[in-house]
Amino acid sequence: MRKFRSVNNAIRRTLECSFSTLTNPLKKKIPEDYTPYAISVFEGRLDEEQSEKLLVNVSFSVGKERISKLNKFSIRLMSEFDAYSFKLAGIRKKNILYKEFTSKNAKIEYVTQVNMGNFKVLLPEIVAAYYEGYDYTNILWLKGRNDNLAKIEYLANEYGLFLWNAS
C-alpha cells in the first residue's frame with residue numbers, strides 16, 4: 001500500500017503560501033523568517049569533549065533509549081497536528097513537491113527512526129517544518145513569532161527531551 005499521495009491544488013496553494021521560503025532550510029541556509037529549534041536528548045550543544053563522552057562507544061541500550069524518546073515525541077507530534085511530506089524536485093531543485101500521508105500508520109512509520117531516512121515534515125497548523133537530525137537531535141523550524149513553542153516544549157519535556165534555540 002502506498003504511504004503518500006499528491007496533495008490537491010487547494011492544499012498545495014495553502015502550503016506554498018505558508019512555506020514560501022522553505023527552500024532555504026532545505027539548502028541548509030537559515031531564512032530570516034524561520035527560527036531553528038533543536039529537540040534533543042541533550043540539554044544543549046555538545047562541545048568536543050562532551051561529544052566524545054556521549055556519542056562515541058554508546059551502548060546499544062543507551063542508543064535505543066535515546067532513539068525511543070525521539071520516536072515517541074515524533075509520533076505524538078504527528079498525532080497532534082496535520083503533517084505533509086515534501087521534497088525538492090526539478091533540474092535546479094527549485095520546485096517543492098508536497099505529499100500527504102495515506103494513513104496514520106504511514107505517517108508514524110515515516111517519522112520513526114528505523115533506518116535513519118532523514119524525514120522532512122511540514123506542520124501547517126503551527127507553521128513549522130520538522131526534520132530528522134543527527135546525534136539524537138531533530139530540528140524544528142518555526143516560522144515567525146510562534147505561540148505554539150510552549151506547547152512543543154511541553155511535549156518534548158514529557159518525553160524526556162529538551163528544546164533549545166539552534167541558531
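The values are calculated or read from the model by the stated rules, or taken from the named source; none is laboratory data. Only a predicted model underlies this, so the values are computations on that prediction, with no experimental measurement involved. Cβ atoms come from the backbone with ideal geometry, glycine included; neighbour counts cover every protein chain shown.
Going by the conditions given, is Ala106 modelled with pLDDT of 85 or more, touching a Leu at 6+ places or on another chain (Cβ under 7 Å) and closer than 21 Å to Ile11 by Cα?
Numbers: modelled with pLDDT of 85 or more: yes; touching a Leu at 6+ places or on another chain (Cβ under 7 Å): no; closer than 21 Å to Ile11 by Cα: yes.
No: the conditions fail for Ala106.
Need the failing condition index for Glu109 against (1) in contact (Cβ under 8 Å) with a residue 60 or more places away in the chain; (2) assigned to a loop (DSSP other than H, G, I, E, B); (3) within 14 Å of the chain's Cα centre (by Cα), just the number.
(2)
Consider only pairs whose beta carbons are under 9 Å apart and that are at least six residues apart or on different chains; among these, list those whose first residue lies in the range 36-59 and is touching a residue at least 40 places away in the same chain (Cβ under 8 Å) and surrounded by 13 or more Cβ atoms within 10 Å (Cβ to Cβ) and whose second residue is among the hydroxyl-bearing types (Ser, Thr, Tyr) and part of a loop (DSSP other than H, G, I, E, B).
Note: pairs meeting the criteria are Pro36/Ser167; Tyr37/Ser167; Ser40/Tyr136; Val41/Tyr136; Phe42/Tyr136; Leu55/Tyr136.
Say we look at the range 9-28 and pick out the residues that are in a loop (DSSP other than H, G, I, E, B) and surrounded by 10 or more Cβ atoms within 10 Å (Cβ to Cβ); which of these is modelled with the highest pLDDT? Break it down stepwise before answering.
Residues of the range 9-28 that are in a loop (DSSP other than H, G, I, E, B), as a first pass: 19-22, 27-28.
Then keep just the ones that are surrounded by 10 or more Cβ atoms within 10 Å (Cβ to Cβ); that gives 19-22, 27.
Values: Phe19: 83, Ser20: 78, Thr21: 76, Leu22: 69, Lys27: 59.
Only one residue tops the list, namely Phe19.
Across the range 123-145, which residue is nearest to the chain's Cα centre (by Cα) among those that are crowded, with 17+ Cβ neighbours inside 10 Å and free of Cβ contacts under 8 Å to residues at least 40 places away in the same chain?
Filtering the range 123-145 for residues that are crowded, with 17+ Cβ neighbours inside 10 Å and free of Cβ contacts under 8 Å to residues at least 40 places away in the same chain, the one nearest to the chain's Cα centre (by Cα) comes out as Glu132.
Restrict the check to the range 34-50 and report whether at least one residue is more than 15 Å from the chain's Cα centre (by Cα), at pLDDT 85 or above, assigned to a helix (DSSP H, G or I) and not polar (S, T, N, Q).
yes
Lys87 passes all but one of (1) at pLDDT 90 or above; (2) surrounded by fewer than 17 Cβ atoms within 10 Å (Cβ to Cβ); which number fails?
That leaves (1) as the condition not met.
Can you tell which of Lys104, Lys120 is more than 25 Å from Val58 (Cβ to Cβ), touching a residue at least 12 places away in the same chain (Cβ under 8 Å), surrounded by fewer than 15 Cβ atoms within 10 Å (Cβ to Cβ) and touching a helix residue (DSSP H, G or I) at 6+ places or on another chain (Cβ under 8 Å)? Give the derivation first.
Numbers: Lys120 fails: surrounded by fewer than 15 Cβ atoms within 10 Å (Cβ to Cβ).
After applying the criteria, what remains is Lys104.
Conditions (1) over 16 Å from the mean Cα position of the chain (by Cα); (2) assigned to a helix (DSSP H, G or I); (3) among the charged types (D, E, K, R); (4) surrounded by 16 or more Cβ atoms within 10 Å (Cβ to Cβ), marked per residue:
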| site | (1), (2), (3), (4) |
| --- | --- |
| Val62 | yes, yes, no, no |
| Ser68 | no, yes, no, no |
| Asp82 | no, no, yes, no |
| Tyr98 | no, no, no, yes |
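(1) farther than 23 Å from Asp33 by Cβ; (2) in contact (Cβ under 8 Å) with a residue 60 or more places away in the chain: which one isn't true of Leu88, the others all being true?
Here Leu88 clears every test but (1).
I need the full set of residues from the range 115-141 which are of a type outside the set (Phe, Trp, Tyr), closer than 27 Å to Leu55 by Cα and part of a strand (DSSP E or B), in order please. Full working, then the answer.
Taking the range 115-141 as the starting set, the residues that turn out to be of a type outside the set (Phe, Trp, Tyr) are 115-118, 120-129, 132-133, 135, 137-140.
With the extra rule that they be closer than 27 Å to Leu55 by Cα, the set shrinks to 115-118, 120-121, 129, 132-133, 135, 137-140.
Once the filter is applied, which keeps residues that are of a type outside the set (Phe, Trp, Tyr), closer than 27 Å to Leu55 by Cα and part of a strand (DSSP E or B), the range 115-141 yields Lys120, Val121, Ala129, Thr137, Asn138, Ile139, Leu140.
Within the group Ala156, Ala150, which residue is assigned to a helix (DSSP H, G or I), aliphatic (A, V, I, L, M) and surrounded by 17 or more Cβ atoms within 10 Å (Cβ to Cβ)? Before you say what the answer is, go through the steps one by one.
Details: Ala150 fails: surrounded by 17 or more Cβ atoms within 10 Å (Cβ to Cβ).
Result: Ala156 is the single residue among Ala156, Ala150 that is assigned to a helix (DSSP H, G or I), aliphatic (A, V, I, L, M) and surrounded by 17 or more Cβ atoms within 10 Å (Cβ to Cβ).
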